[in-house]
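Structure first, commentary second.
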Amino acid sequence: MQIFETILVLLLSAALVSSLAKRLDLPYPTILAIGGALVALLPSAPRLELAPDLILALFVAPVLMDAAFRTSLRDLWDNRDHVMALVLLAVALTTAVVAVVVRHFLPGMPWSVAVTLGALLAPPDAVAATAVLRKLPLPLRIRMVLEGESLLNDASALLIYKVAVAAAVLGSFSFGHAMPMFALVVLGGAAAGVVLAWPASWFMSRFQDVPSAVIFQFGLTFGIWLVSERLGLSPIVTVVTFAITFARKNSYSSPAYVRIASFAIWDSATVILNALAFTLVGLQLRPILETLSPEERIRSITVAAVILAVVVVVRLVLVLIHYAFARLKRRGDNETSYVPSLGGALLVGWSGMRGMVTLAAAMALPADFPYRDFIQLTAFVVVLGTLAIQGLTLSPLLKLVRLPPDYTIRKELALARETALRTALADLNDQNSPAAERLKLELTEALSGALPGLSPGNSQGNKLRRHLVGVARHAIENLRRIGAIGDDAYRQVEAELDWVELSSGAPSAVGDSDA
C-alpha cells in the first residue's frame, strides 16, 4: 500500500509541476528532476527503489517505441552521416575522455571501471531528448539528427558498458571475443525487430476494438524488450527497428477509430511515464548520498562536477569539429548535401541531456563492483546537471542563434493535401450521381483554397466519401513511399482523413452506420 500511495503522490505532484513548467515555458523533465532531488533531501522523503532492469523496461521501452514509431525513415536516412557521427564517434570519444579524466583524479581505479563510467555517461537519453526537444520549434533536419541519435546511441554505449563491466568483474578482456558479440547483439536485434513487425502487423489488423488493440500494443512493447534481453540481443535496437518497420506496415491494418484512440492513449501514457521517470531521477539522490561519508561526498561531488563539464564540452567540441569537416567536404565535392549552420551545430552540440538509461545502468552494477558508490553519484550529478544546465538553456540558445525558418513540413503538408484531393477528384471522373457531383464541387473548391480539404459532409454520399478517403490514403502512402513527404506530414494528413472517415459514418467500436 505504501508503494501505491507514493506513486499516487508522485503522479499528482508531477502533474502539478508539469502544468506549472508549461505555464512558465520551461522543460518539465528538468523541473521534475530538480523537484525530485529537493524532495529527496527532506527527512520524511518517500523512498521508491525499483530494480534497474525494471526501470529500463517500464520507462524506456514504451517511450522509445512511441518515438521510433513517429520517426521518419526518409529523414533519418537523409541525415545518416550526422546521426552516425553522434551515435559512434560521440559515444566512443566521451567514453574515452571520461575514462582518462577519472583516472587522473582516481589513479587507483582500474581502466575497465573507468570505461564503464564513461560508457554509461556517454549516451544522451531518448526520453529526455524527446520530452525537451518536441517543445522547441527546431528545423526538421536538426530535430531528426537529435531524435535519430537518441534512438540509437543507447545501444552503442550500453554495448561498451556491458563489455567493460564483464572485464572489470572477470579481470580480463578479449577484443577478438568482443567484436562478434557486438555484431550479434546489434545485427541480431535489428533483424529480430524487422521480422517481428510482420506478424505483429497481421495480429494488429484483427483488433476491432480500442481497449484490446491498446493492450496488445503495450504488451507487445514490453514483450519485445524482455524477449530480446533474454536472447542476449540489444532491446533498444530491437524496439527501434520494430517500431520503424511496424509504422510502415500498419497504415491500413487498423480502423480509423482505433488509430485515433491509440495515438491519444499513447500520448497520455508517455507523458505519465516521463513524469514518473524524471521524478524518480531526483528521488535517487538520497539513497546514493547515504552510502558516502561527508568527506567522500565532497570529494566525489567535486570530481563528478568536473566530469559533468567534460561530458558537455566533449560533445560540443566534437559536433563543431564534425561541422567544420562537413563544410570542407561539401565545398570540395561541390555537393548539395545538408550541412547545418554554425548556430545549428551549436544547438546540436548543446542538446546532450542524460536521463534514465544512464542512471539505470549505474544502479544495475553488481553490489561488489569497484567504485560503485562513486559511479552512481557521478551518474546522478551528470543526469541532473545536463537536464538543468542544457535543458533550461536550449530555448534561449535557439532564440540567440536565430536559425532561419523551416517550411519543409508545411510544404509537404500542402503537397500531401493537394495530391489527396486531386486523386479523389480523378476517381470521380466517371461518376455522375448527385452525391458525386456535390463531392466534385467540394473537392474543386478545396483545391482552389475556398475549403480546407476533404471535409465531413451530410449523410448523403457518405459511402462515396469513405471510398474517396481510402483513395486519398493510398495517394499519400505512395508519396511517403517514394520519399516525396516525410512521416510528419503523412501522419498529420492521415489523422485528417481519419476524422473525415469517422464523421462520414464509418464503422466504430460502438456501432456501424452507412448511407
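The values are calculated or read from the model by the stated rules, or taken from the named source; none is laboratory data. Given the structure is predicted, the values throughout are model-derived calculations rather than measurements. We place every Cβ from the backbone using ideal geometry, glycine too, and count neighbours over all the protein chains shown. Areas reflect the complete protein model, heavy atoms only, side chains present, ligands, DNA and RNA absent. Shrake-Rupley method; radii C 1.70, N 1.55, O 1.52, S 1.80 Å.
Here are the numbers for this structure:
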quantity: Exposed GluC sites (Glu not before Pro) absent - longest run of the chain, DSSP non-H/G/I/E/B, at most 16 other C-beta within 10 Å; calculated: 50-334
quantity: Length-normalised contact order of the chain in % [C-alpha pairs under 8 Å, at least 6 apart]; calculated: 21 percent
quantity: Simple Cβ-charge dipole of the chain, Lys/Arg +1 and Asp/Glu -1, about Cα centre, in debye nearest 20; calculated: 900 debye
quantity: Cα gyration tensor, the stretch 177-223 - rounded (a/c under 1.5), prolate or oblate; calculated: prolate
quantity: The stretch 1-80: trypsin sites (Lys or Arg not before Pro) in DSSP coil with no more than 13 other Cβ atoms inside 10 Å; calculated: 47
quantity: Whether the chain is rounded, prolate or oblate, judged on the alpha carbon gyration tensor where a/c under 1.5 counts as rounded; calculated: prolate
quantity: Computed lengthening from residue 264 to residue 191, 0.36 nm per intervening residue step minus Cα-Cα distance; calculated: 23.3 nm
quantity: Charge dipole magnitude, Cβ of K and R +1, D and E -1 - the stretch 264-389, Cα centre, debye nearest 20; calculated: 460 debye
quantity: Helix-only mean residue ellipticity at 222 nm for the chain, each DSSP H run of n ≥ 4 adding -39500 (n - 2.57), per residue, nearest 500; calculated: -25000 deg cm²/dmol
quantity: Folded to 0 to 90 degrees: helix 140-170 orientation relative to the chain principal axis, Cα; calculated: 40 degrees
quantity: Residue among 467, 448, 261 farthest towards the positive dipole end of the chain, charges placed on Cβ; calculated: 448
quantity: Angle in degrees between helix 487-503 and the longest Cα principal axis of the chain, rounded to the nearest 10; calculated: 50 degrees
quantity: C-alpha long axis of helix 256-283 to longest principal axis of the chain, angle in °; calculated: 20 degrees
quantity: The stretch 335-401 - percent of accessible surface contributed by carbon and sulfur, probe 1.4 Å; calculated: 67 percent
quantity: Under 18 Å from residue 463, Cα to Cα: lysines that are on another chain or at least 8 residues apart; calculated: 440
